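The values are calculated or read from the model by the stated rules, or taken from the named source; none is laboratory data. In this text the structure is predicted, and so the values were computed from the model without any measurement. Don't worry about glycine lacking a Cβ; one is built from the backbone with ideal geometry, like all the others, and counts go over all protein chains shown.
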Amino acid sequence: MKQNIGLFFGTFDPLHNGHISIAKYFLNELLLDQIWFVITPLSPFKHANKVSNYYSRFKIIENFCKNNERIICSDVEFKLKPPYNTSETLKFLKEEHPNKEFKIILGEDNLNTLHLWSDYESILNHKICVYPRISQTNEKSKLLSHPNVNLYNAPIMRISSTLIRDRIKNNKPISDLVPKEIEEILIKTQN
């Protein structure tokens with residue numbers, strides 16, 4: 001029987017309680033064996049100077065995951081060449097792990113732009129498990145009707161990595177936004 005793995009892609013700059021809540025929700029809702037935080041060195045949709053150092057992000061997430069046996073820190077995209085396209089990562093993972101069934105955990109905002117992603121049709125060959133996000137528009141993606149796309153009633157998180165970075169920059173507390181072990185590292189690296 002194949003292992004059931006959720007893939008949660010992101011820059012995680014930084015990983016926060018919203019990401020963790022979503023991960024735990026899908027671990028239980030989908031009866032996943034594991035969920036992998038697939039850390040993207042640089043999203044094709046973001047600018048390099050706007051994202052923290054990949055190694056720093058990886059170490060922070062790895063430190064959190066070592067105490068959570070079903071939540072895994074994945075460096076798979078570090079092994080691949082840029083641009084870091086989800087379609088290429090999925091192809092690589094399927095070849096490397098034929099005994100695993102991968103499901104993609106995706107925010108609704110990303111589903112709305114999925115048609116712009118490189119080789120998005122191949123991504124739709126996987127089960128895509130969508131969690132709701134607060135959006136500036138009320139427009140729903142046409143891809144919600146795709147047979148491999150399901151919208152779940154996951155908690156809506158009002159936390160963003162941008163908010164956390166701004167709070168750190170302005171010496172404001174972040175203890176309500178990130179786990180303690182992440183807070184300690186973030187504060188230490190800013191001083």
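What to note about this one:
Quick grid of which residues meet (1) under 21 Å from residue 183 (Cβ atoms); (2) β-branched (Val, Ile, Thr); (3) surrounded by fewer than 22 Cβ atoms within 10 Å (Cβ to Cβ); (4) touching a residue at least 60 places away in the same chain (Cβ under 8 Å):
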position	(1), (2), (3), (4)
2	no, no, yes, yes
28	no, no, yes, no
31	no, no, yes, no
36	no, no, no, no
42	no, no, yes, no
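- Identity of the residue in region 65-122, in a loop (DSSP other than H, G, I, E, B) and polar (S, T, N, Q), that ends up surrounded by the fewest Cβ atoms within 10 Å (Cβ to Cβ): 99
- Condition check for residue 60: within 14 Å of residue 8 (Cα to Cα), modelled with pLDDT of 85 or more and either in contact with a helix residue (DSSP H, G or I) (Cβ under 6 Å, 6 or more places away or on another chain) or β-branched (Val, Ile, Thr) (or both): no
- Of the listed requirements (1) in contact with a Leu (Cβ under 8 Å, 6 or more places away or on another chain); (2) at pLDDT below 95; (3) within 18 Å of residue 10 (Cβ to Cβ), residue 167 misses just one: (3).
- Leading residue by the ranking (surrounded by the fewest Cβ atoms within 10 Å (Cβ to Cβ)) among those in region 136-154 that are at pLDDT 90 or above and in a loop (DSSP other than H, G, I, E, B): 147
- Residue in region 160-189 that is nearest to residue 125 (Cα to Cα), counting only those that are surrounded by fewer than 16 Cβ atoms within 10 Å (Cβ to Cβ) and under 16 Å from the mean Cα position of the chain (by Cα): 160
- Residue among 103, 188, 91 that is farther than 22 Å from residue 23 by Cβ and either among the hydroxyl-bearing types (Ser, Thr, Tyr) or at pLDDT 95 or above (or both): 91
- Subset of region 8-57 [assigned to a helix (DSSP H, G or I), of a type in the set (A, V, I, L, M) and modelled with pLDDT under 95]: 48
- Residue selected from region 123-135 under the condition β-branched (Val, Ile, Thr) and touching a strand residue (DSSP E or B) at 6+ places or on another chain (Cβ under 6 Å), by the criterion surrounded by the fewest Cβ atoms within 10 Å (Cβ to Cβ): 128
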